[in-house]
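Let me begin by presenting the structure, written as structure tokens, before commenting on it.
Nothing in this text is a laboratory measurement; each read-out follows from the coordinates by a stated rule. Keep in mind that what you see is a predicted model, and the values were worked out from it rather than measured. Backbone-built Cβ (ideal geometry, glycine too); neighbour counts: all protein chains shown.
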Amino acid sequence: MSTLEVVGLRKSFGGLLATADVSFSVAAHSLTALIGPNGAGKTTLFNLITNLFAADAGTVTFDGVALGGLSSSAIAKLGVIRTFQTARVFPGMTVLENVLAGRHRLLPHGLAAQLTWMPYARRAERALAQRALALLDLVGLADQADSPATQLPMGAQKLLEVIRALMAQPRLLLLDEPAAGLNDTETAELSALLRAIQACGVTIVVVEHNMSLVMGIADQIVVLEAGRMIATGTPAAIQCNPRVIEAYLGAEAA
Amino acid sequence: MTQFIQIIIGGIQQGSIYALLALGFSLVYRVTGVINLAQGAFCTLGALTAYSLETSVGLPPLLAALGAILATTALAAVAGRALFVPGLARLTNSNMLMMTAGLLTLFEGLVLVIWGSQPYAMPPFSGEKPWRVAGLLLPTQGVWVFGVTLAIIVALGWMLARTRLGQSLRACSENPTAARLMGVDVPRMQLFAFALAGAIGAAAGVVVAPAIALQFDTGRLLTISGFIAVAIGGIASFPGAIAGGLLLGLVGQLATAYVSSLFSNALALGLLLIVLVWRPSGLIRAKLARRSDVRDEARVWMHVSRLPSAMAWRGGGLLICLGLAAPFLLGQALLGALIITLILFIALIGQDVLMGYGGQISLGQAGFMAIGGYTAAYLATEHAWAPIAGVVAGMGLSVACAIVLAAVTLRLRGLYMALATLAFGLLIDSCAIGFDDITGGPSGMVGIPDFSVAGFAFATPMRMYFLVLALVVLIFVAVAGAMRSGFGRALQAIRTDPLAAAALGVNVVGCKMAAFALSATLASLAGSLYAFQFHFLSPDMVGTPRSLELVSMLVIGGEGTLIGPLLGAAVLTILPTVFQPLAIYKTLASGALLAGCSLYLPQGMFGLIVRLLPGQKRPIAA
């Protein structure tokens, strides 16, 4: 049973073919890693999946729903939540407010209830804050809850963004280089966090350069090079795939 | 046919002026990325300085003109050095726009203090008699305007294309970071561009002065015309600026000749709105494509410092007690000023939701005040509606206008949105003056009854005060509730990063619309109360100057704090009442405060108070 189905996706920017006929599928509750050298088209693939750019050809379906043509917020409403390569915490908001903002699509109370201080709206806000603090505690940021989010170190901002995405209760979580800028301890924490998220029944696709992280947690790896998919398989199969070794280390090494 | 050619000649003369103004805008925009709303004020300053040098000092016209251009350029350089250029390094583009609004007000105030509020008429350079060429009348001043415009265009074009200085300026406009790395002194180039824009503005003012009546607030009108020209033509391109100016001049003259002078304004604004919507970057565009999944992070939004919750509750209680006691302690004049402060605060709460939380600049809030004020007053006066029904009708009409305006302008981002709201405000201004059957025209609407609910008339200042106070408390509490819940967070998220917000499922369009509608409702309510308070309403009470004043109050008080604008409104309303003889300095002070606060006190007075409170750690720039 597959959740995300990418078929024949193609995108070119001018003369540059950024994504060339990429097809793969992601099984429910699995963790898929997209790897490849710089410029391989990993982030472009994410942008195509979330319809930030319209694809030249090909389709993306999530649980049978075609994502092409949907707006970002409509895609988020389906439970497809992504993070960005450069941490995009909201400036001018505290760490806690950032996490709470992730919950926006699921708020039970509308503007009218907020304006009139309806008791259920206040209760929902309090419950939400509790939940957000619990999540922040998971990555050791709870004591920073009231500091401005942009003052966190880059690694912590990346973790904050993952937590914020988690608040949105994703069914499919797309993480763009979550380990970039993290130190070894933080990377270990992240890998534990990703496993825990996966155990909760969330399907994860992650773009990542950190091979030890990827090899440790991925169920499936998709390897891209210059926009083309050159291999797909389990970590063990990928590690000894000659084309992958060639792409990473050059032809002589193969 | 002769008549038609005559109109075309008039259009070209008018268009040359706009083109000169547009050129100044375009120059500053290209080098700094900021729309300098003070551009028109350079014209007024230049023209009036030339007038004084000629009449009081007795200089010959040419020397007086040169002196005026030099003096204005020097003033521009000082303002640029003290405020504009330092601001570029620290402020967001939208805050820079507000700073230039402050500069415009500051220069207007300066003119008001030096030259007073009476209009000035200057003699044409070469006599009143027009030239006669092949049966056509050529106004000599028109020839001067056209000639000077042409000379400036040629000189500027040569400088940019051929000189080293021009090369540096172009480098700054293409890529400031790379220019800096290549050894270009970017702040100096920015200052140079700003001062040069001042010189162009002054030159334009000097040649155009004989063709128009000049007074302290002419600068604002010139800014607006020049801006419309540049927005139509394409702000990032010089040919666009010139083409836009000429087009606007021709359209204006043709409309005046064949339709009516009343509609030439409305037509120009309509043209602007059409261009903004159909082709936001102007008819001639010169713009680089940007990747949408990467955020520009040159200037980051400040983190707003807030009071700790316990202190906020206590402070709120104290304020309410003060508010209840105030009418028994204050005299009539001060009570009146306090009522006005509170009424404006209602509009400011809405403006803060839109600007402080949502990051959408609106320079047309007074347009909604006008809709609310005139609707309620007209229905109550002419049709004997219950005042409250009129107020509700006004709010309904305002929301309808807000939704249409939002739907039309939602495609626009950042500054263009701000400019569309400015155009909207101006359109409402000209409607308020034009539809004199309903609004009483420029002289205003009289005989507006007392506000009353179910037969109880709020006839005394005391009653009106408590009515307004109750409304303020109610609205403040409600809006504060929304701002500290999901809606406030969604707005703040959209403000800096609409894309990431949308990726989390925030309905960006819906939230912006809601904020816009909310702010329009509150402005409309404030406008209605304003009319009932004064029993009189005229276009200058709820016109574009009022919109700019609201922006000043918001920035001075502190954006994104909800309560801060109360301080701003109090300072700009109560101080001039207390110090009556200083009232002439009000415009000057409000401009200086706006420009100064946006640079040195980005969190306004509220931020300052929070910082000075014991036990507060210094807020750190995000």
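Amide H contacts for A:Val80 (H built 1.01 Å from N in the peptide plane; partners 5 or more residues away or on another chain; cut-off under 5 Å): A:Arg171, A:Leu172. Sparse packing (at most 10 other Cβ atoms within 10 Å of the Cβ) combined with a DSSP loop state is found for none of the chymotrypsin sites (Phe, Trp or Tyr not before Pro) in region B:517-571. Net charge of the neighbourhood of A:Glu208, taken over other residues with C-beta under 10 Å away and scored Lys/Arg +1, Asp/Glu -1, is -1.
Past 26 Å, Cα to Cα, is the threshold; run A:Lys11/B:Lys512; B:Lys512/B:Lys586; A:Lys42/A:Lys77; A:Lys77/B:Lys512 against it and keep the listed order. Going by Cα-Cα distance, A:Lys11/B:Lys512; B:Lys512/B:Lys586 fall outside the 26 Å limit. For region A:107-254, the Cβ-based charge dipole about the Cα centre amounts to some 720 debye (Lys, Arg positive; Asp, Glu negative; other atoms uncharged). 3J(HN,Hα) along region A:113-119, derived from phi through the Karplus expression 6.51 cos²θ - 1.76 cosθ + 1.60 where θ = phi - 60°, amounts to 5, 5, 5, 9, 6, 4, x Hz, with x in place of Gly and Pro. Of all DSSP beta bridges confined to chain A, the antiparallel ones make up roughly 55%. Working note: 222 nm ellipticity from helices only, DSSP H runs with n ≥ 4, each -39,500 (n - 2.57), summed and divided by the residues of chain B, gives -23500 deg cm²/dmol to the nearest 500.
Secondary structure note: in the protein assembly as shown, about 65% of the DSSP beta bridges are antiparallel.
Computed from phi, the 3J(HN,Hα) profile of region B:238-250 under the Karplus parametrisation 6.51, -1.76, 1.60 (θ = phi - 60°) reads 5, x, x, 4, 5, 4, x, x, 5, 4, 4, x, 5 Hz, with x in place of Gly and Pro. In this structure the amide hydrogen of B:Ile35, modeled in the peptide plane, comes within under 5 Å of no amide hydrogen from residues 5 or more places off or on another chain. Amide H neighbours of A:Leu34 under 5 Å, at least 5 residues apart or on other chains, H built in the peptide plane: list them. For A:Leu34, whose amide H was placed from the backbone, the distant partners under 5 Å are A:Val206, A:Val207, A:Glu208, A:Val222. In degrees between 0 and 90, to the nearest 10, how far off the longest principal axis of chain B does helix B:309-329 point, with axes built from Cα atoms? Value to nearest ten degrees: 90. Beyond 27 Å, what share of the Cα-Cα pairs of region B:24-219 is found? Please give it as a whole percent. More than 27 Å apart: 34 percent of the Cα pairs in region B:24-219. For B:Lys129, B:Lys512, B:Lys586, A:Lys42, the sequence from fewest to most other C-beta atoms within 10 Å is B:Lys129, B:Lys586, B:Lys512, A:Lys42. Helix B:332-351 axis versus longest C-alpha principal axis of chain B: approximately 80°, rounded to the nearest ten. Taking the longest Cα principal axis of chain B as reference, the axis of helix B:486-496 is set at about 20 degrees.
Shown for A:Tyr120, B:Tyr374, B:Tyr29: other C-beta atoms within 10 Å of each C-beta, ranked fewest to most, produce the order A:Tyr120, B:Tyr29, B:Tyr374.
Residue-wise HN-Hα couplings along region B:573-589, as the Karplus relation 6.51 cos²θ - 1.76 cosθ + 1.60 with θ = phi - 60° gives them from phi, are 9, 7, 4, x, 6, 5, 9, 3, x, 8, 4, 5, 8, 4, 4, 4, 5 Hz; Gly and Pro carry x.
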